[in-house]
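Visitor: Here it is, the structure in full.
FYI, it's all coordinate maths here, none of it is from the lab. Note that the structure is predicted; figures quoted are calculated from it, not measured. Positions of Cβ are backbone-derived with ideal geometry, glycine not excepted, and every protein chain shown enters the neighbour counts.
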Amino acid sequence: MSGRRWWKGSILTTAAMVLIALGVPQVVDQFGLLQLTVFAAMCILALSLGFVWGYGGILCFGQSAFFGLGAYTYAVTAINLGESTVATLLALVVPAVFAALLGYFMFYGRLSDVYLGVITLSVTLIFFNLMNSTAGDAYRVGKARLNGFNGMPSLPTLNVPGDPGRLLDPAETFYLVMACLVIVYVGLHVLLASHFGRVVVAIRENEARCELLGYDVRLHKLLVFTIGGGIAGLAGCLFANWGAFVSPNVFSLTMTSQIIIWVIVGGLGTLLGPIIGCLIMQYLATALGTQQLANTSLVFGVIFLAFVLLVPRGIVPSLRRLALRA
Amino acid sequence: MSDAILQTVGLSIRFGGVEAVRHVNFTLAERELRCLIGPNGAGKSTLFKLLTGQLKPTAGRILFRGHDITGHHTHAIARRGIGIKTQVPSLFDGLTVHEHLWLSARRTHPAERTRAIADEILERIGLTAVANGAVGQLSHGLRQWVELGTVLAGNPDLILLDEPAAGMTHDEVARTAELVREINRTHALIVVEHDMQFVKMIARTVTVMHQGAVLVEDTMDRILKNATVRDVYLGKHGGS
Ligand SMILES: Nc1ncnc2c1ncn2[C@@H]1O[C@H](COP(=O)(O)OP(=O)(O)OP(=O)(O)O)[C@@H](O)[C@H]1O
Ligand SMILES: [Mg+2]
């Protein structure tokens, strides 16, 4: 993973993302722009799991827990404060802190990989049930009514920091989400190239050897999990903004399995993979959603199985191998 | 005992009915080179796992330079200065030789110095040519050296080598013996090995283990003449 090729690839990808960010608003209509905005937000979510699972080797089946927590944190804070800046920051911090607490319990408790999967999945489903049962006036946080399964509509969307009256228009929001995506992508690259990142990859390769070299495996995993939680929270915040709406579905089984499918399809152990996987599957979901021929979940399930059985490495690593051989 | 780098007191571990290490009192001086021998299943590797915190003893204590490290975490013990080459090489198969050395040296050195150490060690273990190749592709003999180099790059004060010459050709064994003697100029070592040719090349004091306990501790010459040791190796002492 070290070396010039790695950096060259990431610089190319970054350049492509910046070009798309700048060019797209000039050529697509309002509807297309909104569509691409949510795609980009989901790409950030895909990156969070791609980092935690693909590099940290942490089997997290409940990445949606942090995504949903970010979305709800944003919603509740923005409604109460009537402005978005603090809400956005909290949407990053609260999921990260929650991930740190959960991670502490899991990694310092020396739970095995299988249990990590089970626990993270359970956590997101607990949130799902919890939020679903918050219908009624009794469930409110300050001015914000949680509304149970109906969700929270008409959220205040992003405003210019310090100027709550000046809301971002769709093009500006798109720029912002793309900027977040680029920052997360580049940031993870830099992190993975650092001493910390190289130890994280080494832990994925051989935990015992890392311990014998004097690296605290638990601490490294905890940090990876926490960073992943914060990034997923940011994605949740952007998602809540996009529709000015949040419902318990952000915690649902459908949501969390989607993230896993994106990463599997795109390829574990890369950063580009989760982005590509997310884009393809989201495009498919939109296309399938507008017709009545096939059930979306069924198609997703078939694609998932096909990849696990036929292209277990995922798209990006497989293409890379082909390119290397050519 | 102030000049002891390592001391164990009544160290024991029991797996169900088997006491794999039995009341071991072991002392190693600073910069000492000790060979640890004994038949298969004598408890040599288990003793190493206890010393590095990979297993927790059921009784007894481990002192490293006077500090009680019994029950400490593996990484904390490594940080104190104990490095180990395990019996089955424990490596990062997807990473290159260079990355192994880098990871080991980088924990205690700034980036620039780390690069210099990595190059220096590559030279020393003679693996410069394969520095950028994935370790998973290497032969068992080379993997042994990669692990040895990785341990060296971390510069631990006490180095444990579990069968460092296994799977090596005659020339490689001689080269490893030379390397061990060279390391011993500045470091304390405990070396577990079945290859008696290799042991003869490096040994001064030898500790013999049998059925979890220390049987004798003496110079190499006297160990070779020791009738009990010979019996143990020929299996006459089994089932006592
Ligand atoms: N985790 C374990 N659980 C149960 N028994 C174990 C365990 N580890 C080791 N043993 C037993 O403890 C004894 C000592 O094993 P150990 O690996 O330390 O021997 P050794 O001296 O290193 O032998 P060799 O020369 O073959 O490597 C053996 O009888 C082994 O079966
Ligand atoms: Mg052994």
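Visitor: Could you give me the radius of gyration and the Dmax of region B:89-232, taking only the C-alpha atoms into account and expressing both in angstrom?
Guide: Computed over the Cα atoms of region B:89-232, radius of gyration and Dmax are 16.8, 54 Å.
Visitor: I want the antiparallel fraction of DSSP beta bridges within the protein assembly as shown, as a percent rounded to 5.
Guide: 60 percent
Visitor: Taking Rh as the Kirkwood radius, which is the inverse of the mean 1/r over Cα pairs, what is the Rg/Rh value for region A:200-249?
Guide: Checking Rg against Rh, the ratio lands at 1.28.
Visitor: For region B:130-199, with only Lys/Arg (+1) and Asp/Glu (-1) charged at the beta-carbon, what is the dipole magnitude about the Cα centre, in debye rounded to 20?
Guide: Magnitude of the dipole: close to 160 debye.
Visitor: Starting from 0.36 nm per residue, how many nanometres of slack lie between residue B:170 and residue B:128 once their C-alpha separation is accounted for?
Guide: 13.0 nm
Visitor: Which order do the peptides A:210-216, B:184-190, A:276-282 come out in when sorted by mean C-beta neighbours inside 10 angstrom, highest first?
Guide: Descending mean neighbour count gives A:210-216, A:276-282, B:184-190.
Visitor: Figure the gain on full extension for residue A:323 and residue A:129 (residue separation times 0.36 nm, minus the Cα-Cα span) and round it to one decimal in nm.
Guide: 65.2 nm
Visitor: Now, a different point. Under the definition of Cα pairs under 8 Å and six or more residues apart, what whole-number percent is the relative contact order of region A:246-286?
Guide: 27 percent
Visitor: Under a 5 Å amide H to amide H cut-off, with H placed in plane at 1.01 Å, what residues pair with residue B:84 once short-range neighbours are removed?
Guide: For residue B:84, the qualifying residues are B:160.
Visitor: While we're looking at this one, here's another question. Which ordering of A:184, A:97 is given by a fewest-first count of other beta-carbon atoms within 10 Å?
Guide: Going from sparsest to densest Cβ surroundings: A:97, A:184.
Visitor: Oh, and also: Taking the mean number of other Cβ atoms within 10 Å as a proxy for protection, how do you rank A:141-147, A:55-61 from highest to lowest?
Guide: The densest-packed peptide leads the list: A:55-61, A:141-147.
Visitor: Among A:254, A:236, A:201, whose Cα lies farthest out toward the positive end of the dipole of region A:149-303, if unit charges sit on the beta carbon of Lys, Arg (+1) and Asp, Glu (-1)?
Guide: Going by the charge dipole, the pick is A:201.
Visitor: In peptide B:65-74, what is the residue-averaged number of other protein chain Cβ atoms found within 10 Å of each Cβ?
Guide: 1
Visitor: What average number of partner chain Cβ atoms lie no more than 10 Å from the Cβ of the residues making up B:86-93?
Guide: 3
Visitor: Might you report the magnitude of the Cβ-based charge dipole of the protein assembly as shown about its Cα centre, with Lys and Arg at +1 and Asp and Glu at -1, to the nearest 20 debye?
Guide: 460 debye
Visitor: Note down the Stokes-Einstein diffusion coefficient of the protein assembly as shown in µm²/s, whole number, using a Kirkwood radius over alpha carbon pairs, 10 °C, and 1.306 mPa s.
Guide: Estimated diffusion coefficient is 59 µm²/s.
Visitor: For region A:1-108, with equal point scatterers placed on the C-alpha atoms only and solvent neglected, what are the log10 I(q)/I(0) values from the Debye formula at q = 0.14, 0.16, 0.20, 0.21 1/Å, to two decimals?
Guide: One equal scatterer on each Cα of region A:1-108 leads to -0.82, -1.00, -1.16, -1.18.
Visitor: Amide H to amide H under 5 Å from residue B:59: which residues, 5+ apart in sequence or cross-chain, H placed 1.01 Å off N in plane?
Guide: Excluding prolines and chain starts, which carry no amide H, the hits are B:12.
Visitor: Taking the Cα centre of chain A as the origin, how large is its charge dipole in debye, to the nearest 20, when only Lys and Arg (+1) and Asp and Glu (-1) carry charge on their Cβ atoms?
Guide: The dipole of chain A has a size of about 860 debye.
Visitor: Taking the Cα atoms of chain A, what is the range of coordinates along each of the three principal axes, in descending order and whole Å?
Guide: So the three principal-axis extents are 54, 49, 44 Å.
Visitor: Under a straight-distance cross-link criterion of Cα-Cα below 30 Å, which lysines are reachable from residue B:200, leaving out those fewer than 8 residues away in the same chain?
Guide: The qualifying lysines are B:44, B:49, B:85, B:225, B:236.
Visitor: Still on this structure, please answer the following. Below 8 Å between Cα atoms, with a sequence gap of 6+, how large is the relative contact order for region A:65-197 in percent?
Guide: Answer for region A:65-197 is 25 percent.
Visitor: Taking every residue in A:201-211, how many Cβ atoms of other protein chains lie within 10 Å of its Cβ, on average?
Guide: 6
Visitor: Residue by residue, what Karplus-based ³J(HN,Hα) values in Hz, rounded to whole numbers, does region A:317-326 have, using 6.51, -1.76 and 1.60 with θ = phi - 60° and x for Gly and Pro?
Guide: So the J values, rounded to whole Hz, are x, 5, 5, 4, 5, 4, 5, 5, 6, 5.
Visitor: Also: Between B:195, B:218, B:171, where does the largest GNM mean-square fluctuation fall for chain B, given springs only between Cα atoms within less than 10 Å?
Guide: Answer for the Gaussian network model of chain B: B:171.
Visitor: What does the highest-first list of A:223-236, B:199-212 look like by mean Cβ count within 10 Å?
Guide: With the highest mean Cβ count within 10 Å placed first, the list reads A:223-236, B:199-212.
Visitor: Quick one: Karplus J couplings for region B:210-224, per residue in order, coefficients 6.51, -1.76, 1.60, θ = phi - 60°, nearest Hz, x for Gly and Pro?
Guide: 8, 6, x, 10, 7, 8, 8, 9, 6, 6, 4, 4, 6, 4, 5
Visitor: In whole Hz and in residue order, list the ³J(HN,Hα) couplings for region B:163-176 that follow from phi through the Karplus curve 6.51 cos²θ - 1.76 cosθ + 1.60, θ = phi - 60°; x for Gly and Pro.
Guide: Couplings: 6, x, 9, 4, x, 9, 6, 4, 5, 5, 4, 4, 5, 5 Hz.
Visitor: Along the three principal axes, how long is region A:172-326 when you take its alpha carbons, biggest first, rounded to the nearest angstrom?
Guide: Projected onto the principal axes, the Cα atoms of region A:172-326 cover 57, 40, 30 Å.
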